[in-house]
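Structure, as structure tokens:
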Amino acid sequence: MSSESKKIFNIIILGVSFMFIFTAFQTCGNIAQTVITNLNNTDFHGSGYTSMSIIYGVFSASNLISPSVVAIVGPQLSMVVSGIFYSLYIAVFIQPATWAFYTASVFIGIAAAVLWTAQGNCLTVNSDENTIGRNSGVFWALLQSSLFFGNLYVYFAWQGKTHISESDRRTVFIALTVISLVGTVLFFLIRKQEDTKAPGEEDSANEVLGDSSSAQNKMTRAVAAFKKSIKLSFTKEIMLLSVTTAYTGLELTFFSGVYGTCIGAVNRFGSEEKSLIGLSGIFIGLGEILGGGVFGLLSKNNRFGRNPVVMLGIVVHFIAFYLIFFNMPNDAPIAPMKGTDDVAYMIPSKEVAIFCSFLLGLGDSCFNTQLLSILGFLYSEDSAPAFAIFKFVQSICAAVAFFYSNYFLLQWQLLIMVIVGFFGTITFFTVEWEAAAALVARGSDYSSI
């Protein structure tokens, strides 16, 4: 198999593995609060929002050390071990206990940091400046296919149900645990790239992938990776992109946890309110797949760069927020188990609610594919630290958002996203313009990025 074929194979396996793991995890996140609401009259007293806040809080802190972990262990084994922890978190819901639920939340936060740092490294090592846009899009489309499959099952399994029984819960979470484990095993199929650098030439991506039996060398690489993370954090480009990344953390929280809960709490949707959570997840997934596929595969023919895609993303999201504000009751995110009978500025419409799900997914893919692309382009030689910083900022903002989701009415959650999204778009444009100018200065074709 040629080097280029091996790289494409690795990108596809990486995407498929993540698809299986996040079919399980994102479906779990989408239905967790609804399932927990049905459990809270038992001995279980956990909160899905609090769990997600813990996960993303630990996730953000763990990104400070994840490049060092990947440097020592290697990206492949890092992803395998992380996948096992994802599976354990999902398995907790088979027989929930409050202590196990929150303990697993801590461990999966650590695992997530390592997983995503290793993913960014693997994506960059298997790409160059001409293929990073395409590969980011292919990976993103495969990853977000996960939203389609898991939620499709939930939609049909929970159709017509207003209460989730113990049998329903166990069936769903046993299936999701097995699916997550399948994705974990697939990481073993990723093939290591050979070092093509000339002797004496350094590349931190290859350093991370390199083999060394010397504990001292591994520790040296770990310390070097940590220092690079700190150094990169204070560069102009990273600080500007952090505003954009912060927005992706806020809207990630909204579409992955809050919006499904809102739909499930609207009593005016009748007996379909619970199955609509699954349908919402399906349409979020369709938006993600469409965006990832189109903007990734067409990236080589995009002579205008990344800015138009990000502009489309923010416009699509603002339309979605506007429609959600009119369609959803203001107390939907924090409604009790019995739901809410309130009405916003129009009679709640299932069609509008599901259309907004599609818009949320499409807008999210616009931002994330372009962030993955510009990070891989700007930091091809410092991929692990750069992606760790990206996930650090994203996850800490997601943690904050999951925390305030316990208390804030819908209108305030939407307003926060509008403000941060606006400034995040401006800062992305600034970095992209500077990257384009630097590319033209060295005689490269801007349309190739």
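Filtered by the rule that a residue be of a type in the set (Phe, Trp, Tyr) and more than 20 Å from VAL70 (Cα to Cα), the range 80-105 gives TYR89, PHE93, TRP99, PHE101, TYR102. Just one of the listed residues (PRO348, PRO333) is touching a Ser or Thr at 6+ places or on another chain (Cβ under 7 Å), within 13 Å of CYS262 (Cβ to Cβ) and open to solvent by less than 30 Å² (accessible area, probe 1.4 Å), namely PRO333.
Where helices (runs of 4 or more DSSP H) fall wholly inside the range 76-177, the ranges with 1 or more residues that are open to solvent by 60 Å² or more (accessible area, probe 1.4 Å) and modelled with pLDDT of 90 or more are 98-125. When restricted to residues that are closer than 14 Å to ASN63 by Cα and open to solvent by 10 Å² or more (accessible area, probe 1.4 Å), the range 364-389 contains 1. Considering the conditions (1) in contact with a Cys (Cβ under 8 Å, 6 or more places away or on another chain); (2) assigned to a loop (DSSP other than H, G, I, E, B), LYS338 is excluded by exactly one of them, (1). Of all the numbered requirements in (1) out of contact with any Gly (no Cβ under 7 Å at 6 or more places or on another chain); (2) at pLDDT 80 or above, LEU362 misses one, and that requirement is (1).
Search the range 259-277 for residues being within 19 Å of the chain's Cα centre (by Cα) and either buried (at least 24 other Cβ atoms within 10 Å of the Cβ) or not in a helix (DSSP H, G or I) (or both), and hand back the single one that is modelled with the lowest pLDDT.
Per the stated criteria, the residue is ILE277.
The values are calculated or read from the model by the stated rules, or taken from the named source; none is laboratory data. Note that the structure is a prediction, hence the values are computed from the model and not measured. Using ideal geometry, Cβ is built from the backbone for each residue, glycine included, and neighbour counts are taken over all protein chains shown. Heads up: the accessible areas ignore ligands, DNA and RNA and are worked out on the full protein's heavy atoms, side chains in. Shrake-Rupley method; radii C 1.70, N 1.55, O 1.52, S 1.80 Å.
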